């Protein structure tokens, strides 16, 4: 049984409030299980805004995550889709190749192993908070703290020298900015691969006691694959957790009742992190898949090759799934959000991210109990044109 | 009640070890599921249902005792 179709719509991206998903999602979510969507390359595909359908699609065997079949859901000159992924860059591949690569890494990112990294993360967090103190009231929290912490943690895990970090961070930023021009993107790609072409052979000649060293000693990856994997780790770790860290602080400062609850009862931190992940869902463009064959899904006939965008920010506000879905409630116990995806591609670094967020929020609000925004909240500049959403700067102040 | 965990299907996302660390762990090797208690108290049914619902690959199943 195939339902009647509305004309295709472009992906909603305009937000009237930084803490809420783009406004265009709710009417679509109310209206239908799956929406016809127009893609900037002129093709028609699909859009999912409901939680149940999102979960089903992300585990459905008829849909692929392979990069060569994906189409950018918004206009961009970035060519991150449409061609096959580099060897080792497994995020946009399917099983069995995806699983073979991913399995080499999953042991490093378990709940237990990532919690054991807490002392290292605490050290980095406190060093950056020392810098914040030195910078004084009016400092930009994004520059001094939220962008720096996750990138430093990943660099330490894979043994990238601190001297290279800021340059890599700029490359990741350029490649995540949808308005980057082709020359800008090419410069970032060649900057990144130039670094890896120097860095990986050095590591191979002298494998240290870190994640890459272990992978090299494991002997299952060649130089090219190690480069692809390192690139995946760097780009997966830098701006994702950084934006989430910044968005969480911004949101809590603007929800003083929730922040007070958290200060009163630190036991709430685990639930608060989950709720912030759900409420904010920084994956601005969601997850993309394409149909490997003609298939009926959510009452529609999806044709082989058609692309489906799963709007994760909309899905996590589905009122069918959550009571008071649009309300931030750090005591919420009903999680099950899809902020980190679902299915075999669910975020590899999710428990590392959770640890960084927990340690980061705890230490920041503990050391700066009077922390507040230094500008009106509607003047905080947002990364509207990035793959991951968050403030591009967050000026903060406190009582000395 | 009995729990089963399929390590072949498991993608090592660790939802189980996050939600119910007394019942599930992850191997150091590849992070795949390690069942710590295959026959937990029936009082844990709600938590187990959450684990099943959040496991991204459906690797974990509950076999409930047949009703009398």
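Every number here is computed from the coordinates shown, using simple stated rules; none is lab data. Just so it is clear, the model here is predicted, and its values are computed rather than measured. Here Cβ is always computed from backbone atoms with ideal geometry, including for glycine, and neighbour counts include all displayed protein chains.
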- Message: Quick check: Cα centre of the stretch B:23-40 to Cα centre of the stretch A:205-222, how many Å?
- Response: 26
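Run lengths n ≥ 4 of DSSP H only: what is the helix-derived mean residue ellipticity at 222 nm for chain A, with -39500 (n - 2.57) per run over all residues, to the nearest 500? Intermediate results must be reported in sequence, preceding the final value.
Working: 14 runs with 181 residues, N = 400.
About -14500 deg cm²/dmol.
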- Item | Geometric extent, Cα atoms of the stretch A:117-186 - Rg, Dmax (angstrom) | 14.0, 41
- Under a point spin-label approximation (7 Å from Cα along Cα-to-Cβ), what is the residue A:30-residue B:36 distance to one decimal in nm? 4.6
- Message: From the helices alone, meaning DSSP H stretches of at least four residues, give me the mean residue ellipticity at 222 nm for chain B, per-run term -39500 (n - 2.57), in deg cm²/dmol to the nearest 500.
- Response: -5500 deg cm²/dmol
- Cβ-Cβ FRET estimate between residue B:47 and residue B:2, R0 fixed at 22 Å, reported to 0.05: 0.90
- Query: Using mean Cβ contacts within 10 Å as the protection proxy, how do A:345-352, A:332-339, A:164-171, A:257-264 order, highest first?
  - Reply: A:345-352, A:332-339, A:164-171, A:257-264
- Reduced to Cα centres, the span from the stretch A:268-334 to the stretch A:138-152 in Å works out to 28
- If you stretched the chain out fully between residue A:204 and residue A:17, how much longer would it get, using 0.36 nm times the residue separation minus the C-alpha to C-alpha distance? 62.6 nm
- Dimensionless Rg/Rh of chain B - Kirkwood Rh, Rg from C-alpha atoms: 0.96
- Relative to the longest principal Cα axis of chain B, at what angle does helix B:45-54 sit, 0 to 90 degrees, rounded to 10? 40
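Could you tell me which of rounded, prolate or oblate describes chain A, using a ≥ b ≥ c as the square roots of the eigenvalues of the alpha-carbon gyration tensor, with rounded for a/c under 1.5 and, failing that, prolate when a/b is larger than b/c and oblate otherwise? Could the numbers behind the result be given before it?
On the way: a/c = 1.65, a/b = 1.12, b/c = 1.47.
Oblate, since a/c reaches 1.5 and b/c is not below a/b.
How well do other chains shield peptide B:17-28, expressed as the mean number of their Cβ atoms within 10 Å of each residue Cβ? Provide the component values of the computation, followed by the final result.
Values: counts 4, 8, 3, 0, 2, 0, 0, 1, 3, 8, 3, 5.
Mean partner-chain Cβ count within 10 Å for B:17-28: 3.
Give the average, rounded to an integer, of partner chain Cβ atoms located within 10 angstrom of each Cβ in A:92-105. Spell out each step's value before the answer.
Numbers: counts 0, 0, 0, 1, 0, 0, 1, 3, 0, 0, 4, 6, 1, 3.
Mean partner shielding for this stretch: 1.
Using 0.36 nm per residue of separation minus the Cα-Cα distance, give me the extension gain between residue B:62 and residue B:29 in nm, one decimal. All intermediate terms of the calculation are to be shown ahead of the outcome.
Numbers: separation 33, 0.36 × 33 = 11.88 nm, distance 2.52 nm.
Result for the pair: 9.4 nm of gain on full extension.
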- Would you please put A:375-385, A:186-196 in order of how densely packed they are, using the mean number of other Cβ atoms within 10 angstrom per residue and starting with the highest? A:186-196, A:375-385
- Task: Evaluate E = 1/(1 + (r/R0)^6) for residue A:193 and residue A:323, where r is the Cβ-Cβ distance and R0 equals 45 Å; express this FRET efficiency to the nearest 0.05.
- Result: 0.40
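Just checking the output field for B:4-11: average partner chain Cβ neighbours within 10 Å of each residue's Cβ? Present the calculation step by step, with values, prior to reporting the outcome.
Numbers: counts 0, 0, 0, 0, 0, 1, 2, 11.
Partner Cβ neighbours, averaged per residue: 2.
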